[in-house]
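What follows is a single structure, written as structure tokens, with notes after it.
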Amino acid sequence: MAFLADALSRVKPSATIAVTQKARELRGRGREIISLSVGEPDFDTPDNIKAAAIAAIQRGETKYGPVAGILPLREAIANKFKRENGLDYKPTQCIVGTGGKQILFNALMASLNPGDEVIISAPYWVSYPEIVALCGGTAVIVETKAEQAYKLQPEDLERAITPRTKWVILNSPSNPSGAAYTRDELKALTEVLLRHEHVWVLTDDMYEHLVYGDFVYTTPAQVEPGLYHRTLTMNGVSKSYAMTGWRIGYAAGPEQLIRAMDMIQGQQTSGACSIAQWAAVEALSGPQDFIATSRRAFESRRDLVVSMLNHAAHLQTHKPEGAFYVFPSCADAIGKVSAGGTRILSDADFVTALLEEEGVAVVQGSAFGMGPNFRVSYATSNEALEKACAKIQAFCAGLR
């Protein structure tokens, strides 16, 4: 009898973590490495949020709290959804987890039975299909196209739905493509879902505040109130408030589902860190000017990266609407040989050679379910981005 669980055979290790580790190893050998592989804002957490955490410590807010989250935070979450998304939730419909991943695990563990299907559009965040597999479900991958800005099309969604479909996961803006759905695009998808009452919607809104130009953000339950009773709207403070290490994700949805998620979390981790929760109260309820400042910086970085990569040989780079990623195609590089002698047979070969020869770390698109592409995170300084993109240009120029 094997010691390790069979479920592990269905799961792959995180490619983003693997690239980050390889970059660390090269840096440890004295190499200069520019990492564009991590989805983490380079800004510091705003001072008012840090001060709220310190005040919580000084008040003695260091004991166990409710599994679903402290009431002031669940109230702040409900107020946020009303204020920014026009969605009415009671605090009892809200839950706090240790990051967005735990929210996803809780929801899928609470609802999936063996054979249940979850529709995920590619390119996707690396953890979606793996979490589905760990929870006993089957991920149904629907590919999108660059010419459609990597967005799920309603006719493709319709074809993917079967009697076994339990969820569709929507992520806007997207990790890794940065694609964000307009209200009309979401409306077309929600019209399909209205016809299939057994399908629930899990919407990952983690990059909600990072949209650029005149783009107006909307979320599915806001666009189609008819889906409110079967939608779990997930979000968090990590990206919008530069709070990745605080590990606070949250969601709101039907009370029956939230109670089930609460029960699972109660046997898992119990409540999230009390100090981080009080910091999140301030993030959601306090001044919001940090968001506009960071958004302007990210928009400038996006424009810089897209422009420089579109001047690189053999790359085609779509200009995304949001998040802090671009997802260039390196299809024209396949079959060529790098200046260092590596034959490029896949996007994995491309990113490995780029890291080893030029010291730039990115993540292969196949890790996100679509290649030959690669993901560039522009959540770092303009200086680092200019240097890294120049190295990418040099690498591509050397392909023969």
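The values are calculated or read from the model by the stated rules, or taken from the named source; none is laboratory data. These figures come from a predicted structure and were not determined experimentally. Using ideal geometry, Cβ is built from the backbone for each residue, glycine included, and neighbour counts are taken over all protein chains shown. Surface accessibility is based on the protein's heavy atoms, side chains included, excluding ligands, DNA and RNA. Shrake-Rupley method; radii C 1.70, N 1.55, O 1.52, S 1.80 Å.
Out of region 297-400, which chymotrypsin sites (Phe, Trp or Tyr not before Pro) are coil in DSSP terms and have no more than 16 other C-beta atoms within 10 Å?
Nothing satisfies the criteria.
Using the alpha carbons of region 159-293, what is the convex hull volume per residue in cubic angstrom, as a whole number?
141
Give the shape of region 225-307 as rounded, prolate or oblate, defined through the alpha-carbon gyration tensor: a ≥ b ≥ c are the square roots of its eigenvalues, a/c under 1.5 means rounded, and otherwise the shape is prolate if a/b is larger than b/c and oblate if not.
prolate
Of the DSSP beta bridges with both residues in the chain, give the percent that are antiparallel, rounding to the nearest 5.
So the antiparallel bridges in the chain amount to around 45 percent.
With a 1.4 Å probe and every protein chain left in place, tell me how much accessible area residue 185 has, in Å² to the nearest 10.
Spelled out: residue 185, probe radius 1.4 Å, area about 70 Å².
If you find the alpha carbon centre of region 359-400 and of region 51-119, how far apart are they in angstrom?
Rounded to whole Å, the Cα centres lie 35 Å apart.
Using a 1.4 angstrom probe on the protein heavy atoms only, could you order 318, 196 from most to least accessible area?
Final ranking, largest accessible area leading: 318, 196.
Tell me the label-point distance for the pair residue 194, residue 29, using the 7 Å Cα-to-Cβ offset, in nm and rounded to one decimal.
The answer from the label model is 5.8 nm.
Could I have the simple spin-label model distance between residue 288 and residue 184, label points 7 Å from Cα toward Cβ, reported in nm to one decimal?
The modelled label-to-label distance comes out at 2.6 nm.
I'd like the Karplus ³J(HN,Hα) series for region 102-116: coefficients 6.51, -1.76, 1.60, θ = phi - 60°, whole numbers in Hz, and an x wherever there's a Gly or Pro.
5, 4, 4, 4, 4, 5, 6, 5, 6, 10, 8, 10, x, x, 5
Compute the relative contact order of the chain as a whole-number percentage, counting only Cα pairs closer than 8 Å that sit 6 or more residues apart in sequence.
Relative contact order, the chain: 22 percent.
With each label point set 7 Å from Cα along the Cα-Cβ vector, what nm distance links residue 339 and residue 55?
About 5.4 nm separates the two model spin labels.
Run lengths n ≥ 4 of DSSP H only: what is the helix-derived mean residue ellipticity at 222 nm for the chain, with -39500 (n - 2.57) per run over all residues, to the nearest 500?
Result for the chain: -12500 deg cm²/dmol, rounded to the nearest 500.
So which trypsin sites (Lys or Arg not before Pro) in region 18-66 are both in a DSSP loop and have at most 11 other Cβ atoms within 10 Å of their Cβ?
29, 63
Kindly flag which residue pairs out of 50/151; 145/187; 50/80; 151/391; 22/391; 50/239 have an alpha-carbon separation exceeding 25 Å in this structure.
50/151; 151/391
Using a probe of 1.4 angstrom, how much of the accessible area of the chain is carbon and sulfur, in percent?
53
I need to check one value: relative contact order of region 298-364, counting alpha carbon pairs closer than 8 Å and at least 6 residues apart, in percent.
Rounded, it is 18 percent for region 298-364.
Listed highest first by mean packing, meaning other Cβ atoms within 10 Å per residue, what order do 279-286, 151-158, 3-10, 42-49 come in?
Highest to lowest by the protection proxy: 279-286, 151-158, 42-49, 3-10.
What base-10 log of the normalised intensity I(q)/I(0) is obtained for region 24-129 from the Debye formula, alpha carbons as equal point scatterers, at q = 0.11, 0.20 Å⁻¹?
-0.64, -1.25
Which chymotrypsin sites (Phe, Trp or Tyr not before Pro) from region 62-154 combine a DSSP loop assignment with at most 14 other Cβ atoms within 10 Å?
Loop-located and lightly packed - 64.
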